[in-house]
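**Q** Structure in structure tokens, see below.
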Amino acid sequence: LRQQGADEIQNSANLDAINQIRVKFLGKKGPITNVLRGMKDLSADERPKVGKYANQVRDDLQKMLEERRATLEKQLMNARLAKESLDVTLPGTPVAQGQPHVIQQVIDQLVDLFTDMGYEVAVGDEVEEEVYNFEKLNLPKDHPARDMQDTFYVTHSILMRTQTSPMQARMLEKHDFSQGPLKMISPGKVYRRDTDDATHSHQFHQVEGMVVGKHVTMADLKGTLEVVAQHLFGDQLKVRLRPSYFPFTEPSVEADITCFNCLGKGCAICKNTGWIEVLGAGMVHPNVLKMSGVDPEEYGGFAFGLGPDRFAMLKYGVEDIRDFYQNDVRFLTQFDQKG
Ligand code: FA5
């Protein structure tokens, strides 16, 4: 019986077979149980001998069953490990990495430049009160210059800001001039009911800049703009100021930079003029200072508003502003900082 059990155990192929063998040999209806049950019919002499032997066979079979079970389990585990093993030497699948949008890259460059020059960065809200977007910038209701910036209204007194200039009024109101001049830039999105075309978008970006203190002059404005242009486009570029009109600056100017493409010689980008218009600026209007509680007799300064979308177009030779807003990764990854 022991030999038969041993053979069957040795040949068992899986855990199910082991269980069946256990039931067959050691179960309630199995031969060993039978022998032990029949002990009462044996003589007192035979009983201990038969009992001892039967117990021995049962223990041996039990031990063999356990050993076989352990072996089979180990084989099973090894097979599973082999199947599930990872080849750590396989090259990985490259994961596409994001990057700042090209316009954000231009804004970041400007913010870095100005913070290096001691400007603070003030970020305003895209949803703005009408008084800050217009009235406090010397643009009373019914002023014809409001037509220059066709506006999306949210309610009758709340609007999507048409420019970052409201931050001029907000910062003038907040600034403590006894602590020194106000030097700030304010980048952000603005909205206008412009019809989209190659150089206009209904949503675009501006970077506002303002310096107000004692003895700030137009020469400071020109010098500052020169630094900006040269930082973005190269050392040879010059800035030219042309008279213009904004209600919140007097005098007002528009700034042109030497065409970075032909360096003033004349090409298609600058329509053969050698110059490209990049921003509006001027000396802060005394009315704007007064309305924000700053004495124009004592303090004065300059402000400018530039369009980083247009800067990015110039810098990278992008011919249509709408390309920036279509989120085509094939277009956007061209401006990968890493590449
Ligand atoms: C203004 O918005 C004034 N707030 C700028 C200013 C600030 C003047 C401080 C004086 C002092 P303007 O409407 O020209 O100005 O816009 C400024 C710049 O924004 C333009 O030079 C241009 O680069 C950009 N811009 C204007 N409209 C659009 C548009 N629809 N799409 C893309 N860029 C635009």
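Bear in mind that the values in this text are calculations on the coordinates, not laboratory data. The model shown is predicted, which means the values in this text are computed figures rather than measured ones. Glycine gets a Cβ as well: all are built from the backbone with ideal geometry, and neighbour counts include every protein chain shown.
**Q** Multiply the residue gap between Glu297 and Leu1 by 0.36 nm, knock off their C-alpha separation, and tell me the result in nm, one decimal place.
**A** Answer, rounded to one decimal: 94.7 nm.
**Q** Still on this structure, I have one more. Return the subset of Lys174/Lys238; Lys136/Lys189; Lys183/Lys271; Lys189/Lys315; Lys29/Lys74 for which the Cα-Cα distance in this structure is over 24 Å, preserving the input order.
**A** Exceeds cut-off: Lys174/Lys238; Lys183/Lys271; Lys29/Lys74.
**Q** From Cα pairs below 8 angstrom and at least 6 apart in sequence, can you work out the relative contact order of the range 220-291, rounded to a whole percent?
**A** 26 percent
**Q** Still on this structure, I have one more. List the relative contact order of the range 74-180 as a percent without decimals, with contacts defined as Cα pairs under 8 Å and 6+ residues apart.
**A** Over the range 74-180, the number comes to 22 percent.
**Q** Between the range 248-266 and the range 59-104, how far is it from one alpha carbon centroid to the other, in angstrom?
**A** The range 248-266 and the range 59-104 have Cα centres spaced 66 Å from each other.
**Q** At 7 Å along Cα-to-Cβ for each site, give me the label-to-label distance between Met77 and Met218 in nm.
**A** So the label points at Met77 and Met218 sit 8.8 nm apart.
**Q** Taking H as built 1.01 Å from N, whose amide H comes closer than 5 Å to the amide H of Val190, not counting residues under 5 places away?
**A** The answer is Phe204, His205, Gln206.
**Q** Quick query: amide H of Thr273 versus all other amide H atoms, modeled in the peptide plane; which residues come in under 5 Å with a sequence gap of 5 or more or a different chain?
**A** Correct list: Cys267.
**Q** Can you pull the percent of Cα pairs in the range 142-220 with separation above 19 Å?
**A** 51 percent
**Q** Continuing with this model, one more query. Work out, step by step, the length gained on full extension between Val154 and Lys141: first 0.36 nm times the residue separation, then minus their alpha carbon distance; give nm to one decimal.
**A** 3.0 nm
**Q** Then there is this: Show me, for the range 293-305, the HN-Hα J-couplings you get by feeding each phi into the Karplus relation (A = 6.51, B = -1.76, C = 1.60, θ = phi - 60°), rounded to Hz, glycine and proline as x.
**A** With the stated coefficients, the range 293-305 comes to x, 10, 7, x, 6, 9, 10, x, x, 10, 9, 8, x Hz.
**Q** Still on this structure: Considering amide H positions built from the backbone, and no H for Pro or chain starts, which residues 5 or more places from Phe246, or on another chain, come under 5 Å of its amide H?
**A** Counting only residues 5 or more places away or on other chains, the set is Ser252.
**Q** In percent, what relative contact order does the chain have, based on Cα pairs under 8 Å that are 6 or more apart in sequence?
**A** Value for the chain: 14 percent.
**Q** Which whole-angstrom value gives the distance between the alpha carbon centres of the range 108-136 and the range 1-19?
**A** 84 Å
**Q** Could you please report the charge total around Lys183, scoring K, R as +1 and D, E as -1 over all other residues with beta-carbon less than 14 angstrom from its beta-carbon?
**A** Values: positive: Lys174, Lys214; negative: Asp116, Glu120, Asp176, Glu208, Asp220.
With Lys, Arg at +1 and Asp, Glu at -1, the net is -3.
**Q** Taking the Cβ-Cβ separation of Lys28 and Asp60 as r and a Förster radius of 25 Å, what is the calculated FRET efficiency to the nearest 0.05? It would help to have the intermediate numbers written out before the result.
**A** On the way: r = 19 Å, r/R0 = 0.77.
Efficiency for this residue pair is about 0.80.
**Q** How much length is gained on full extension from Gln236 to Asp323, taking 0.36 nm per residue of separation minus their Cα-Cα distance?
**A** Extra length from Gln236 to Asp323 when fully extended: 28.4 nm.
**Q** Percent antiparallel among DSSP beta bridges with both residues in the chain, to the nearest 5?
**A** Bridges in the chain are about 95 percent antiparallel.
**Q** Here's another thing I want to ask about it. When only DSSP loop residues count, what GluC sites (Glu not before Pro) in the range 66-131 have their Cβ near at most 14 other Cβ atoms within 10 Å? Please report the intermediate quantities before stating the final value.
**A** On the way: sites: Glu66, Glu67, Glu73, Glu84, Glu120, Glu126, Glu128, Glu129, Glu130; in loops: Glu126.
Answer in residue order: Glu126.
**Q** Whole-Hz ³J(HN,Hα) for each residue in the range 58-63, computed from phi via Karplus 6.51 cos²θ - 1.76 cosθ + 1.60 with θ = phi - 60°, x for glycine and proline: what do you get?
**A** Residue by residue, the range 58-63 yields 4, 4, 4, 4, 4, 5 Hz.
**Q** In sequence order, what are the phi-derived ³J(HN,Hα) couplings for the range 134-146 according to the Karplus relation 6.51 cos²θ - 1.76 cosθ + 1.60 with θ = phi - 60°, rounded to whole Hz, with x for glycine and proline?
**A** With the stated coefficients, the range 134-146 comes to 10, 3, 5, 9, 6, 10, x, 4, 6, 5, x, 5, 4 Hz.
**Q** Next up: Taking each pair of different alpha-carbon atoms in the range 243-339 once, compute 1/r for the pair, average those values, and report the inverse of that mean as the Kirkwood hydrodynamic radius in Å to one decimal. Walk me through the intermediate numbers first.
**A** On the way: mean 1/r = 0.0624 Å⁻¹.
Roughly 16.0 Å, rounded to one decimal.
**Q** Additional query: Determine by what factor the alpha-carbon radius of gyration of the chain differs from 2.2 N^0.38 Å, reporting the quotient.
**A** So the Cα radius of gyration is 2.12 times the expected 2.2 N^0.38 Å.
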